[in-house]
Amino acid sequence: MHISKISLVNYRNFANAKLIFNKGINTIIGENGSGKTNLFRAIRLLLDDNLLRSAHRLDEKDFHRGLEQWQGHWIIISIEFQEVSQDEAIQSLFLHGTGSIGAGAVSKATYNLIFRPKVDVRLRLSELTEGDRDGMAAILSGISIEDYETIFTGRSEADFNDPVTYAEIVGDFKSAKFGKELDHPAVGSRVSVMLSVSKEISFTFVQALRDVIAEFQNNRTNPLLNLLKRKSGEIDPVTFLPITEKVRELNDAIERLDDVQTVRSDIVGTIKEAAGESYSPSSLSIRSDLSDEADKLFQSLKLFVGETGNGYEGAVHELSLGGANLIYLTLKLLEFKYQKANQSFANFLLIEEPEAHIHTHIQKTLFDRLNFADTQIIYSTHSTHISEASNVENMNILSRVGKGCETYQPTTGLDPVDIGNIQRYLDAVRSNLLFAKSVMLVEGDAEEILIPILVKKVLGITLDELGISLINIRSTGFQNVAVLFHDDRIKKRCAIVTDSDATFFDTTPAPADDAALSKFKSRCASAQTKGLARKAALDAFSHGNPWVECFYAPHTFEVDFVDAGNAERVIGTIAGVYKDPATIAKAKTELESKDIAVFGKRALLMANYEGKGWFAIALGNQIDHEVIIPDYIVEAIHLLRPALSTDVWFHILSFRLACIETSGMSTPDVIQDARDALAMFRSGEMDLAAIKALMLVTFTSDPINRILNKVG
């Protein structure tokens with residue numbers, strides 16, 4: 001038996017979420033605050049028998065914050081199981097006490113936690129006339145959390161993620177329409193607490209490793225103590241009897257110590273002196289309270305570990321954070337093994353963010369090796385190293401969207417060939433695209449190295465601060481990865497940035513061409529042909545997909561970088577490329593030319609001669625705040641971040657004013673006036689259109705204007 005689907009409605013940061021799971025190992029990935037911990041708590045509310053019953057009593061903080069008013073709404077947490085065991089006990093559980101499997105045996109089952117208004121509230125809502133918003137408002141305004149109940153149900157066929165189904169069962173709050181069914185059959189049948197699924201399965205939760213030392217010091221959460229307690233129930237009393245006798249002898253020996261007896265006598269004498277015989281205790285003794293019970297004796301056992309290989313074993317608190325976390329995780333896995341040995345109907349292991357403080361090699365090794373038979377394992381992580389080792393078909397991606405969270409399954413609707421291509425492609429660097437808010441795909445090292453530098457130098461903030469992950473495909477096979485971004489899969493913007501490779505000079509062979517020029521022309525002509533075919537294929541691929549758009553350099557990155565007005569930056573690299581004075585002089589003259597056939601050829605020759613990656617590094621050292629970002633890159637950034645907050649714009653424009661001031665391109669009075677205007681913009685007294693117009697008129701030659709012109 002394994003979890004095949006989890007539905008969350010109105011629970012914490014999940015307004016309406018559906019997650020799909022497979023047998024074996026599953027991975028949940030997402031940025032901080034995307035809801036991984038909330039999801040695990042939702043699963044535990046249904047399956048973790050160690051969770052206190054009081055946890056099932058939800059409150060107003062558990063309702064989705066996007067609800068205008070939580071009163072009246074329901075929280076629904078639904079788990080669907082597949083391949084349900086045919087064992088009579090588990091069948092009886094899902095058939096709710098029928099006591100017989102019979103013809104009604106189930107292979108798929110649901111188990112739901114529903115937090116809803118009590119019957120009297122539901123009755124009053126059901127009696128409303130459709131459209132009676134005032135009556136509805138009067139009822140809802142009087143509801144408190146005490147008017148809610150938690151029930152568990154099963155045998156439900158309802159698609160709780162369907163808004164129409166939700167409106168039919170719970171009610172349509174927009175039109176004030178509520179059904180007459182107080183216990184809608186689609187909700188399923190109530191499951192008695194005595195028939196709880198959590199009592200019939202093996203379930204272990206390994207929480208995020210944030211403060212392992214505190215866990216070891218707490219007798220309730222100490223994993224070593226929990227393991228020992230499990231084993232203590234199996235110890236033969238006869239075997240333990242000699243230890244009990246030794247403990248008693250030790251207690252007697254401690255009590256008989258002269259110093260102990262002296263202190264006892266002194267206490268008795270002092271009490272009698274202070275209170276007299278009438279009010280003094282009739283007897284008083286000092287006893288050793290060392291327990292002779294196994295589970296209490298185990299509390300005195302501590303774990304000592306050798307980490308450095310020098311023969312020294314230290315307590316857990318002396319270990320490195322990574323070492324302590326690894327030991328903690330190991331003990332929790334052993335706890336799971338002990339529990340699994342009970343031969344439950346199903347085995348579930350939830351591990352929350354196991355990567356904390358653990359070396360990347362250990363992360364991947366742990367993930368590869370943790371594969372228990374007949375066990376469904378669900379990881380949550382924001383480690384690219386774990387996501388690299390994960391099966392992309394068994395992934396759920398959580399993404400923060402506004403006040404809530406959306407869930408995506410990255411391979412929905414893809415054929416096995418596409419899935420295989422993605423799986424082979426996602427290494428630890430490129431799997432970062434699964435965590436990104438938006439993605440820019442580039443084809444080579446030059447773009448990977450230089451685009452982040454261009455953005456930082458012009459805007460004063462990084463691509464990361466803009467929420468853009470730049471991924472180097474290292475080829476032009478963009479479709480293999482961009483196929484992930486789609487309405488059916490990951491709903492995040494993806495910009496494909498590539499070269500058109502159009503020729504910028506006459507490539508017609510001429511009799512006077514030497515061998516080198518002839519080869520160069522042939523290569524450029526071939527690149528143009530391939531570029532046209534690539535553009536046609538990419539345009540067809542992205543057509544009709546609102547999440548993917550392509551942006552093309554008219555020629556190649558190096559040529560169009562110079563053409564944008566950045567010749568001086570490339571000239572600054574000449575001395576690092578060439579040593580011959582005549583060649584240096586010729587290269588400088590050609591780069592200063594206004595003829596693209598001249599400067600373009602030289603830019604390409606330099607990049608190819610040095611190697612595009614190394615040339616990009618050298619060029620990066622020449623870039624300053626006056627660099628001009630080519631238009632096609634600006635357009636790609638605008639797609640990925642079409643709207644920036646007031647604070648982000650304030651930061652960018654303040655940075656530009658500081659650059660203008662440093663370069664001496666304006667007077668102090670003009671700059672101060674602009675700063676005053678920026679302050680008004682930040683406070684809301686001036687809108688973006690007004691501050692944009694001010695920058696365009698006042699600082700006409702500043703590179704920021706090419707970006708402001710893209711802003712609507």
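Just so you know, all these numbers are worked out from the coordinates, no wet-lab data involved. Only a predicted model underlies this, so the values are computations on that prediction, with no experimental measurement involved. Because the Cβ atoms are built from the backbone with ideal geometry, glycine has one as well, and the counts that use them run over all protein chains shown.
Work out, in µm²/s and without decimals, the Stokes-Einstein translational diffusion coefficient of the stretch 418-469 at 37 °C, 0.692 mPa s, Rh from Kirkwood over C-alpha pairs. Intermediate values should be presented prior to the final figure.
Details: Rh = 12.3 Å.
Calculated translational D: 268 µm²/s.
Express the relative contact order of the chain as a whole percentage, based on alpha carbon pairs under 8 Å and six or more residues apart in sequence.
After rounding, I find 12 percent.
Compute the orientation-averaged projected area for the chain from the convex hull of its Cα atoms and round it to one decimal in nm².
52.0 nm²
Could you list which residues have their amide H under 5 Å from that of Glu149, counting only those 5 or more apart in sequence or on another chain, with H placed in the peptide plane?
It is Arg116, Lys118, by chain and number.
Distance in nm between label sites at Leu250 and Asn545, each 7 Å beyond Cα in the beta-carbon direction?
It works out to 6.8 nm between the two label points.
How large is log10 I(q)/I(0) at q = 0.17, 0.19, 0.25 Å⁻¹ when the Debye formula is applied to the Cα atoms of the stretch 463-563, each weighted equally and without solvent?
For the stretch 463-563 at q = 0.17, 0.19, 0.25 Å⁻¹, log10 I(q)/I(0) is -0.85, -0.99, -1.35.
Report, by chain and number, residues whose modeled amide H sits under 5 Å from the one on Trp74, excluding near sequence neighbours (fewer than 5 apart, same chain).
none
What length, rounded to one decimal in nm, is gained on full extension from Leu517 through to Ser288, with 0.36 nm per residue of separation minus their alpha-carbon distance?
72.7 nm
When the chain is fully extended, how far beyond the present Cα-Cα distance does Ser645 get from Asp132, taking 0.36 nm per residue of separation?
Net length gain for the segment: 180.7 nm.
For each pair in Lys403/Lys491; Lys23/Lys437; Lys199/Lys296; Lys519/Lys601, compute the distance between the two Cα atoms and list the pairs where it is over 18 Å.
Checking Cα-Cα distances, Lys23/Lys437; Lys199/Lys296 exceed 18 Å.
Going from the alpha-carbon gyration tensor of the stretch 643-708, what semi-axes, largest first and in whole Å, does one get by taking the root of 5 times each eigenvalue?
On the way: eigenvalues 63, 33, 22 Å².
Each semi-axis is √(5λ); the values are 18, 13, 11 Å.
Per residue of the chain, what 222 nm ellipticity follows from adding -39500 (n - 2.57) for every DSSP H run with n ≥ 4, rounded to the nearest 500?
Values: 28 runs with 309 residues, N = 712.
Per the formula, -13000 deg cm²/dmol.
When ranked by the protection proxy of mean other Cβ atoms within 10 Å per residue, highest first, what sequence do the peptides 31-38, 553-560, 240-247 form?
Listed from highest to lowest mean packing, they are 553-560, 31-38, 240-247.
For the stretch 355-470, place one equal point scatterer on every Cα, skip the solvent, and apply the Debye formula. What is log10 of I(q)/I(0) at q = 0.18 Å⁻¹?
Rounded to two decimals, the profile gives -1.13.
Suppose the chain between Ala658 and Ile584 were pulled fully straight at 0.36 nm per residue; how much longer would it get relative to their current alpha carbon spacing?
Value of the extension gain: 23.2 nm.
Can you order the peptides 581-588, 72-79, 512-519 by their average number of other Cβ atoms within 10 Å per residue, highest first?
Top to bottom by mean Cβ count within 10 Å: 72-79, 581-588, 512-519.
Kindly rank 277-286, 464-473 from highest to lowest mean number of other beta carbons found within 10 Å of each residue.
So the peptides 277-286, 464-473, ranked by packing, come out 464-473, 277-286.
Only counting other Cβ atoms within 10 Å, I'd like Thr129, Thr498 sorted with the fewest neighbours first. Could the numbers behind the result be given before it?
Details: Thr129 10, Thr498 24.
Ordered by Cβ neighbours within 10 Å, fewest first: Thr129, Thr498.
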